[in-house]
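Here is the structure we will look at.
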Amino acid sequence: MPCFLRQAARLTRREIIALGAIVTVPHSVHAQQKATPVIGYLGSESPEPYGSRLAAFAEGLAEAGYVDGRNVAIDFRWAEGQYSRLPALAMDLADRQVTVMVAPGGAEVALAARSATKTIPIVFELGGDPVALGLVASLSRPGGNLTGVTSLSVEVSLKRLEFMSDLFPAARTFAVAVNPTSPTSGSQSRNLLATASSLGLELRVFNASSEPELDAMFAAVSQTQLAGLVFTSDPYFAYRSRRLAELAIRYNVPAITQARDFPNAGGLMSYGGDFRQSHRHTGIYAGRIIKGEKPSDLPVQRVTKVELFINLKAAGQLGLTMPPSLLSSADVVIE
């Protein structure tokens, strides 16, 4: 019997356990020293309005094999509705040298993240055209350090006007809500005006980017007895769905927004992209980048599903009867 085997045969149980511990120490030390990847999450609002979206993001991240607190850490930065803070918050995450920066919730967040770093991978989520915004070179070949997910929310602003016109076929003038600070407000306004002209309609544009302006807008629409209020796509409006629903009920204004949260909170209608799907894809991409894939090699995902939600209780409160054509087009009808 070889010498080392004879020696091993004479080892006591305690000595064998001790030897095993010594042998495994280098692996344990290596595992502890290996840094946990960190996701820098940049949010324009606060955690509460992001709740359902955060859940969808966590679902996508789990699909990619990562769970917060287990094998990845998430470092959040919230602008609390003060979008002017976004560039500084993005720079703070960049200074931390996070593994990947996630910038969901619109063009403002994505542009702030891009301004903070040219090296850290960034995954954005928005409803507009990332090529037109200068975020990527093309959808199929993003180039640089950014990729992400885009939906049709901005494009279907025109369809919201058509739905409102279907609800009030005799009306010729409608109100439109625009956030003038949004990077996509100009293009959305131009497209809406062109669509209105083709339909023989007139639009009264109301600018709103603060709580007092939202209240004043609903009051003005109610006082002027405009047929209905159409919201352009903007995260500022989407994350205030509950507030918008309260104002619509108070001022008796039929309105349509981009987010299903609006009719779920008591508003009349919504039509826009499936934000749960887009945020889930954002989580998947963050996980793939942590695993080593490059943003430049990941095509921008385009979520094409759009949803029409109608709240019949709100319609009753407004004294409206929903046309059968609208009800048959709805993905969800809230009784």
(message) Compute the helix-to-body angle for 13-33: its Cα long axis versus the longest principal axis of the chain, expressed 0 to 90° and rounded to tens.
(response) 40
(message) If I model a spin label at residue 59 and residue 210 as a point 7 Å from the Cα along the Cα→Cβ vector, what separation in nanometres do I get?
(response) 3.8
(request) Could you give the size of the charge dipole of the range 186-242 about its Cα centre, using +1 on the Cβ of each K and R and -1 on the Cβ of each D and E, expressed in debye and rounded to the nearest 20? (result) 120
(message) Let me see the P(r) profile for the range 224-335: every Cα-Cα distance counted, bins of 10 Å, each bin given as a percent of all pairs.
(response) 14, 39, 25, 14, 8, 1
(message) Angle check, please: helix 241-251 long axis (alpha carbons) against the longest principal axis of the chain (alpha carbons), in degrees 0 to 90, nearest 10.
(response) 20
(message) Can you give me the long-range amide H partners of residue 40? Hydrogens built in the peptide plane at 1.01 Å from N, cutoff under 5 Å, separation of 5 or more residues or another chain.
(response) 75, 99, 100, 101, 102
(request) For residue 335 and residue 162, calculate 0.36 nm times their separation in residues minus their Cα-Cα distance, and state this gained length in nm to one decimal. (result) 60.0 nm
(request) Among [x] 17.7; [y] 23.2; [z] 16.5, find the value of mean projected area of the Cα convex hull in nm² that was calculated from the structure presented, and write down its label. (result) [y]
(request) Report, by chain and number, residues whose modeled amide H sits under 5 Å from the one on residue 72, excluding near sequence neighbours (fewer than 5 apart, same chain). (result) 67
(request) Using only Cα atoms, find the angle between the long axis of helix 185-198 and the longest principal axis of the chain, and express it within 0 to 90 degrees, rounded to the nearest 10. (result) 40
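None of the figures in this text is laboratory data; all of them are computed from the coordinates on show. Being a predicted model, the structure only gives us computed values, none of them experimental. Positions of Cβ are generated from backbone atoms using ideal geometry, with glycine treated the same way; all protein chains shown enter the neighbour counts.
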